[in-house]
Each structure stands twice: as C-alpha cells, then as structure tokens.
Amino acid sequence: MAISDVKSGIEGMKSVFNKDCAIGVDAVFQYVITGDEGGNWSVTVKDQICTVNEGMADSPNVTLTMAAPDYLDLINGRLNGMTAYMTGKLKIGGDLMLSQKLMTMFPAN
C-alpha cells in the first residue's frame, strides 16, 4: 500500500527498519523535506535500533534534502535513490558512503 504523506513515511521508517543491515552503524540522518507537507526529521541508528524525531539534529552525519513529492516517490518505489541523486532531486550532505546504507536499512515499500 502506497504511503501518501511525508510524516507517515518518515515515522514508518521504524517499521521497515532492517536491523541486520545496521550492524556497526552509529549515525544520525537528517531529513529536510521541502514544500507542502514538508518538515525536518532526524533518524538515529545506533546499536541496531532506529529512533525518529521531529526537528533538526545538532550534528547529523548525513543530511538529505528533497521535495515532498519526490520523497513520496522514493519511499513508494517509484523513484530510484541513485537516479534522484544524479538528477538533483535528492541532495546529500555529509557522509555520502554512509547515505548508501539507507537503501538496505530502510527498503522501499
């Protein structure tokens, strides 16, 4: 079933979290979603546990910025993460290699 709003998508990350792919990860991922339904959320992965908080983190390892419609396309499997990055729909700041773990830790629906 498709996710229709950003907040549900971000908060739903906890339910799709694949802890087996997060072994050794200790990181904060900051999501900056622009436009209608946009907002800021931080996703912390530590000790194979995922927590999601609304707002900005003090010092995230990775910051991902994208428009709300593109984010929804990404999490619903209609937009490939690499394609989004290469076409400028997804901007990544910080540890680019760490950002690539997101696809395995949080598989698209």
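Read-outs throughout are calculated quantities, based only on the coordinates presented, and are distinct from any laboratory measurement. Since the model is a prediction, treat every value here as computed from it, not as a measurement. Cβ coordinates were reconstructed from backbone atoms using ideal geometry, including for glycine residues, and neighbour counts include every protein chain displayed.
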- Message: Taking the criterion of being touching a residue at least 24 places away in the same chain (Cβ under 8 Å) and of a type in the set (Asp, Glu), would at least one residue in segment 91-106 satisfy it?
- Response: yes
- Task: Search segment 52-90 for residues being part of a strand (DSSP E or B) and surrounded by 13 or more Cβ atoms within 10 Å (Cβ to Cβ), and hand back the single one that is nearest to the chain's Cα centre (by Cα).
- Result: Leu64
- Residue that is surrounded by the fewest Cβ atoms within 10 Å (Cβ to Cβ) [pool: residues in segment 91-109 that are of a type outside the set (Val, Ile, Thr) and assigned to a strand (DSSP E or B)]: Lys91
- Message: Of everything in segment 1-42, what is more than 19 Å from Ser99 (Cα to Cα) and among the basic types (Lys, Arg)? Give them in sequence order.
- Response: Lys7
